[in-house]
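Have a look at the structure below before the remarks.
The values are calculated or read from the model by the stated rules, or taken from the named source; none is laboratory data. Since we're looking at a predicted model, the values are computed, not measured. All Cβ positions, glycine included, derive from the backbone under ideal geometry; neighbour counts span all protein chains shown.
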Amino acid sequence: MDNPVTSSHLLEAAAMIAADGSVRRVGVEVEFLGPSAAVAAAALARDLGGVVEPEDPHAIKVRGTRLGDLSVELDLRHIHPARHPDLDVGLGRRGAAFLGTLVSPFVPRELITAPIPAAQIGDVDKALASLRSVGARGRGVIFQNSLSLHFNIDPPSLDVRTLTAFLKAFLLVSDELRRQTSRGSMWLALALPPDYPENYKEHILAPDYWPSLPDLTADYLAANPTRQRALDLLPVLAYLNEAQVRQALPREKIGPRPVLHYRLPHAYLSDPNWSILPDWYGWLKVERIAAELVRGEVNPRELV
């Protein structure tokens, strides 16, 4: 996205306050290739402070950095048997560690931040610079898959009107965000999460669509029985009513969390000038519209 850093962006982020008066936070996930989890974690501790604590050979925590707690891990659940015993295929710890080493040239590593105040999100770029210094790389798409950037955003409230307003707001600007994310490239566009069905978007954007939580959840699950949406509401819907979500999607990998999960499929660690901020500024457009919708200041159709 060609969004310059402006004081208005910084003020908007600083103004992200929850309904209870607390500062809203954002967790960030960035995928990359190159250094092992151990090497990447050591670089983060060197540059940002903190203590390295291995969980297993391919999942390392760095506690107490200037960005809070960080994790670096190989993004493959089967090689973390202590964390995912239900996925044990008989490899054992040594076998899982060996498998992780074997697939590490092809399977991304993932930097995961603990939730940080929205106004400090630009500091994540400092962690990316540390990773780049030890050879972290990425050019958005590998083979048929992408190296992803994800934001996990605390909503200002978990009431159904707020969640519906954010969904409406996102749908109103999703075409613009998709164009910006793909940078005019058909190849990059192919890695975008599938768009929401057109009839679903029409249904959600109806001015009188302000459902109950069970109805919002049922409508979302019927049209989007997948995590592969740019704004993935499954984590927050599962957090609020896991039984309803699991009944529809018993095998889907869903971590119930009280966050808005915004999936961007392109991370560019190989570019020394790449920053997460332009993509974050794109999200701030959603914040502005959602706030107006929550307050009833605008009809969604007036914004199309």
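Miscellaneous remarks
- One residue from 188, 171 being part of a helix (DSSP H, G or I), in contact with a strand residue (DSSP E or B) (Cβ under 9 Å, 6 or more places away or on another chain), modelled with pLDDT under 95 and at negative phi: 188
- Beta carbons closer than 9 Å, at least 6 apart along the sequence or on distinct chains, pair a first residue in the range 197-214 that is within 18 Å of residue 174 (Cα to Cα) and of a type in the set (Ser, Thr, Tyr) with a second that is modelled with pLDDT of 95 or more and surrounded by 13 or more Cβ atoms within 10 Å (Cβ to Cβ) for 200/171; 200/219; 200/220; 200/223; 200/224.
- Scanning the range 224-234 for residues that are of a type outside the set (Gly, Ala, Ser), under 13 Å from the mean Cα position of the chain (by Cα), at pLDDT 95 or above and assigned to a strand (DSSP E or B) turns up at least one hit.
Yes or no, residue by residue, for (1) more than 19 Å from the chain's Cα centre (by Cα); (2) of a type in the set (A, V, I, L, M, F, W, C):
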residue	(1), (2)
167	no, yes
172	yes, yes
177	no, yes
182	no, no
196	no, no
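- Scanning the range 195-231 for residues that are of a type in the set (S, T, N, Q) and in contact with a Leu (Cβ under 7 Å, 6 or more places away or on another chain) yields a single hit, 217.
- Residues that are under 17 Å from residue 272 (Cα atoms) and either in a helix (DSSP H, G or I) or modelled with pLDDT under 95 (or both), drawn from the range 26-43: 31, 32, 33, 34, 35, 40, 43
- Screening the range 266-281 for residues that are part of a loop (DSSP other than H, G, I, E, B) and touching a helix residue (DSSP H, G or I) at 6+ places or on another chain (Cβ under 7 Å) and picking the one that is nearest to residue 230 (Cα to Cα) gives 266.
- Residue list for the range 204-220, filter: within 18 Å of residue 244 (Cβ to Cβ) and assigned to a loop (DSSP other than H, G, I, E, B): 211, 212
- Condition met for residue 90 (modelled with pLDDT under 65 and either more than 22 Å from the chain's Cα centre (by Cα) or closer than 21 Å to residue 268 by Cβ (or both)): yes
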